[in-house]
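The values are calculated or read from the model by the stated rules, or taken from the named source; none is laboratory data. None of the values given here were measured: they were computed from a predicted structure. Glycine gets a Cβ as well: all are built from the backbone with ideal geometry, and neighbour counts include every protein chain shown.
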Amino acid sequence: MIGELLSGMAHSSGPGFVGVSLIFIYMAWIITIGIIRVREAMSEDHH
């Protein structure tokens with residue numbers, strides 16, 4: 001999936017390049033927020 005995005009990005013126009021870049025930024029944001037939430041949940045005191 002990521003390989004296809006990179007391949008398409010290499011052959012795309014300017015707006016396509018920007019769009020694929022934004023997709024990667026969005027995916028990184030989702031993963032980062034997920035990791036932060038999991039760490040917060042694990043550090044909470046469960047009684």
(request) Of all residues in segment 7-17, count the ones that are surrounded by 12 or more Cβ atoms within 10 Å (Cβ to Cβ) and in a helix (DSSP H, G or I). (result) 4
(message) All but one of (1) modelled with pLDDT of 90 or more; (2) outside any helix (DSSP H, G or I) hold for residue 45; state the number of the condition that does not hold.
(response) (1)
